[in-house]
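The values are calculated or read from the model by the stated rules, or taken from the named source; none is laboratory data. In this text the structure is predicted, and so the values were computed from the model without any measurement. All Cβ positions, glycine included, derive from the backbone under ideal geometry; neighbour counts span all protein chains shown. With ligands, DNA and RNA removed, areas are computed over all heavy atoms of the protein, side chains included. Shrake-Rupley method; radii C 1.70, N 1.55, O 1.52, S 1.80 Å.
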Amino acid sequence: MHPLTEYPRPAMRRDSYENLNGLWQYAITASAQRPAGWDGEILVPYAPECRASGVGRTLQPGQWLHYHRYFAPPAGMGGRVLLHFGAVDYACAVQVNGHLVGGHRGGYWPFTLDITAQLNGTGRNSLWVAVQDPTGHGTQARGKQTLQPGGMFYPAQSGIWQTVWLERVPENYIQSLTVTPDYDACTVTVKAHTSAPGGAANLWAVVRAGGVTIAEDWGSDEADQDGEVTLHIADEYFFPWSPDTPFLYDLTVGTTQGEEEQFDTVHSYFALRKWSCAPDARGVLRFCLNDKPILLNGLLDQGYWPEGLYTPPSDAAVERELSEVKALGYNLLRKHAKIELQRWYYHCDRLGLVVWQDMVNGGSKYNLWFVTYLTNVLQPLMRRLPDKAALWGLLSRGSESSREEYRRELEDTVQALRCHPCVGCWVPFNEGWGQYDAAGAVQAIRALDDTRLVDEASGWYDQGGGDVYSLHNYFYPLRVRPQTRAVALSEYGGMAHAGARAAPQDLRLRHSQKPGGADRPVQKNAAGHGAAAAAKGAFGAGIHPADRRGGRGERSVHLRPHRHQAGRQRRPFGERRPCRGVCKGGKIKRLWRVLRSAPNAFSQKELLQEMPFAVAIPPVRRQFWKIRRFSRIANIKIYFPLKMARAHAEAI
């Protein structure tokens, strides 16, 4: 059994490739020492916490997760053998044939180890990986993982969760590749770092469009380990990338030092596109792609799968889901609190889906009473709260080591994903989780990559920097004025979706979960509506945490009659007005009821017309009307949640 067999790094491909996914031995112990025995088998690259791994155990802080398998090196002789890990959460040490070859910290970023010297010259080499993951007990990036899932937080996952593979490369090989297109100049600049001194001399690069060579050139013969080639794209081959026409150029880069059989060649791709902000005829700032205004209409993607948590069941499932998103009319995904597999971004590049990429949030334990609940209620007052040193403790960045860790994670994220044309905006902070010195984060991003937009602080604690005036709106009527930055409604609502009425219950049974209220007797409505209420109860009251997509209220909400409606004769629910009790009374009373009942941007009538099932979330008065008018000023709408097709697809 070998899941995810496709080459895992499309932006830097080689012909030599040996996939190590499959069944490994595993053990969970209290010691870092190699275990005397193994607990069983685990399917790599799935975390032990998920069903797909075949384990179903949670790694606790302080415990060690051990992996072991035997492997044969890739075919061929000479050169170097590299061991690649797509991602291991969180800290790991790696041994080959009993020798330590290296380690890594950071649960979302790839790393590579040269294991040539540790190989034993046979086809049976031992590989042992030991992992620790503190989850919420550390300050590392962890996204929405928690050991106590619920609400808007999801089950923790640990260990190897992306592909592990081997490559055989020449002694002088390309270690890193940086490709920087220039839309205005019609050029692409290729920079390569090689392993050997002088290895980048006479570096060469070729660009192809549709299989036709359109540009080629050589670098300097005086280059050392860092070579550079700039190629010009002729006007007749100038094809800009956009969601409507996602054209990708093929790129091949190679070395020329040593004997011919020792040349290294890698294959990549790039696109010509340009992001900017410019005023329209009325002076309203708009997001512009290739100097043309674009309305970004998208979804918030948290990237959890029912069976694999962070890891998809297959590359085909990823492609199918992204194709469905595009078919539904969206052109944007905001990748929220997670970094995906490289092939996920490759499919977005190919399909024409723009990605706004969050930096994965970390820091010490969150003070949710402050950064989420109090700030949401008092958002008009606290939206621009300064993220100065006096508040770093409240924002979970009180220690210097935590802040330094974030700076490393930010740089690693930009370096890992800058090769993907689909990434159009960096989001360093979300709703204050682990936020500090947002202005400094923007400067750091600009220094690393000045070709993309920056949403300095998505939601609140906005310091006035970056390119985006970013709003999250769940509880207040939406009022927007043009700003000195382009306006984005980057979160709102809180919808759940299932393709068939029985699907959520099927998912619950597969995960052996009973959501709260699942066994509660259905409260019948007024006379004549008991059958309809019973039908609603067939699936209401909740779905598996991995399938929940939403904001403050991420669960499906079972409709129950208002206390004032008991015994009254009513028209069919979809034809009457929403419950008046939600909209009556003073602002404080109404806000309290909204907070308790998981508000949605849609009125109940609109929601029932849009969704093929009987779930509705009480509205804030007139909010849906205001959001429809919002597109006159705003440039982006991100619906909460993304995965409209996933629950249905997984259920069947």
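Couple of notes before you dig in:
- At q = 0.14, 0.18 Å⁻¹ the log10 of I(q)/I(0) for segment 182-336 amounts to -0.93, -1.09, computed by Debye summation with a single uniform scatterer per C-alpha, solvent ignored.
- Were the residues from H267 through L295 laid out at 0.36 nm apart, the gain over their Cα-Cα distance would be 6.8 nm.
- For the residue pairs K338/K388; K338/K365; K144/K292; K274/K388; K144/K191; K191/K335, the alpha carbons lie more than 24 Å apart in K338/K388; K144/K292; K274/K388; K144/K191; K191/K335.
- Here is the P(r) of segment 321-456: all C-alpha pair distances, binned every 5 Å from 0, give 2, 10, 19, 20, 17, 13, 11, 6, 1, 0 in whole percents.
- Size descriptor, Kirkwood hydrodynamic radius, that averages inverse alpha-carbon separations across segment 90-188, Å: 17.0 Å
- Short-range pairs are left out: with C-alpha atoms under 8 Å and at least six residues apart, the relative contact order of segment 184-238 is 44 percent.
- Relative pair counts by distance (%), Cα atoms of segment 247-334, 5 Å bins: 3, 10, 11, 13, 15, 13, 12, 9, 8, 5, 1, 1, 0
- Two-site label geometry, D221 and E41: point separation in nm, points 7 Å out along Cα→Cβ: 5.7 nm
- In order along segment 485-491, the Karplus-derived 3J(HN,Hα) couplings, from 6.51 cos²θ - 1.76 cosθ + 1.60 at θ = phi - 60°, round to 10, 5, 8, 9, 8, 8, 7 Hz, and Gly and Pro are given as x.
- Calculated SAXS-style log₁₀ I(q)/I(0) at q = 0.10, 0.13, 0.21 Å⁻¹ - segment 389-487, Debye, Cα scatterers: -0.29, -0.49, -1.12
- Solvent exposure, largest accessible area first (probe 1.4 Å, DNA, RNA and ligands not counted), of T122, T255: T122, T255
- Placing a label point 7 Å from the Cα of A444 along the Cα-to-Cβ line, the residues of segment 143-174 whose backbone N sits under 19 Å from it are 143-144.
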